[in-house]
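A.B. asks: One structure, as structure tokens, below. Some questions next.
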Amino acid sequence: MQKFNAKKIGNLIYRNVVLLKGGIITTLLVAGGLLLVGSLLSLRGDHVVKSSEFIGMFSLLFLLLGVLFTFAIFKEMHNKKVNHFYFLLPASSFERIIASWLLSNVIYIIVFTLFAFIIGQLAIIICSVFPSTDMHVLPIFSETYWQLIKFYFFVQPAFLLGAVTFAKNRIGKTLLVVLIIVFCIFMYNLILCFMFTGGAFDVFTSDPFSTDAFSLAQEDLSGVGALLFSIVLGPMMLLVAYFKITEKEV
């Protein structure tokens, strides 16, 4: 594995932010407006922004913008008119993929969470001028929030790989691959169910044992699925993306 320079990674992150600053600012303004309006609407009635209400808005924007941001970072690499400037940058493939992952995953999570918290808290401050609304802290850091962050943290590298691999219809092709993987996982669990019940025809019967077996198969008793998803899958996607960038440099 190639060595990397922390200063070069920082410069790559800064370069991507500068190149995308126009889109980033516009997107944040739109997202901030939606979050502000949604927070103000949730204050109606009980005059409190509930965690479930805010996380519902936050989750949709967080996942959608996270995917779009990931693909935007690698847009330059697929542009035949300017991609030679990208590959001439004094940085290794390893440094490129680490910088892109840090920006689209870790930094994105921190920045968007802080931004959403400020917008939601601003809505509470605005409404606190009315006697019916008491000042309170936006309850964003709930269990649902941490589950969302965990999901994005481990799934995002798959979209990063898609952004590196595909030159056209990148989001659509990546989603298609993800659907195929999900289908394969479902079939894997279904095979486990067949093993528990002793045959395919027993799965769809009303026998209690078949019903319990199907539920157990869905939970993946072996833990292999959870291990691959949380530990192996994310790093593996980054490793494959690294080799893809290396191929394109040649």
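A.B. asks: Ordered by residue, what ³J(HN,Hα) values in Hz, to whole numbers, does segment 11-21 give under the Karplus form 6.51 cos²θ - 1.76 cosθ + 1.60, where θ = phi - 60° and Gly and Pro are x?
C.D. replies: Taking θ as phi minus 60°, the curve returns 5, 5, 4, 4, 4, 5, 5, 5, 5, 9, 4 Hz for segment 11-21.
A.B. asks: Mind ordering 102-115, 154-167, 122-135 by average Cβ neighbours within 10 Å, highest first?
C.D. replies: Taking the mean over residues of other Cβ atoms within 10 Å, the ranking is 154-167, 102-115, 122-135.
A.B. asks: Oh, and also: Mind checking the per residue accessible area of segment 1-120 for me, 1.4 Å probe, whole number of Å²?
C.D. replies: For segment 1-120, the solvent-accessible area averages 53 Å² per residue.
A.B. asks: Can you list the lysines whose alpha carbon is less than 24 Å from that of residue 50, not counting same-chain residues fewer than 8 positions off?
C.D. replies: Result set, ordered by chain and number: 150.
A.B. asks: Go ahead and run the numbers for FRET between residue 82 and residue 48, Cβ-Cβ distance against an R0 of 51 Å, rounding to 0.05.
C.D. replies: E(calc), rounded to 0.05, equals 0.55.
A.B. asks: What FRET efficiency would be calculated for the residue pair residue 11, residue 113, taking the C-beta separation as r and a Förster radius of 25 Å, to the nearest 0.05?
C.D. replies: Computed FRET efficiency for residue 11 and residue 113: 0.50.
A.B. asks: Would you mind calculating the relative contact order of segment 1-156 from Cα pairs under 8 angstrom and at least 6 residues apart, reporting the percent as a whole number?
C.D. replies: 37 percent
A.B. asks: Let me ask you something else. How much of the accessible area of segment 1-152, probe 1.4 Å, is carbon plus sulfur, in whole percent?
C.D. replies: The value for segment 1-152 is 73 percent carbon and sulfur by accessible area.
A.B. asks: Let me ask something else. Enumerate the lysines that residue 7 could reach by cross-link, defined here as Cα to Cα under 25 Å, with residues fewer than 8 away along the same chain left out.
C.D. replies: Within the straight-line cut-off, residue 7 pairs with 21, 75, 244, 248.
A.B. asks: What distance in nm lies between label points placed 7 Å from Cα along the C-beta direction at residue 63 and residue 169?
C.D. replies: So the two model labels end up 2.3 nm from each other.
A.B. asks: Once you have all Cα-Cα distances for segment 86-182, histogram them in 5 Å bins from zero and send the whole-percent values.
C.D. replies: Going from the shortest bin to the longest, the percentages are 2, 11, 14, 15, 15, 13, 10, 7, 6, 4, 2, 1, 0.
The values are calculated or read from the model by the stated rules, or taken from the named source; none is laboratory data. What you are looking at is a predicted structure, and each value in this text was computed from that prediction instead of being measured. Virtual Cβ from ideal backbone geometry, glycine too; neighbours counted across all protein chains shown. Keep in mind that these areas ignore ligands, DNA and RNA; they rest on the heavy atoms of the full protein, side chains included. Shrake-Rupley method; radii C 1.70, N 1.55, O 1.52, S 1.80 Å.
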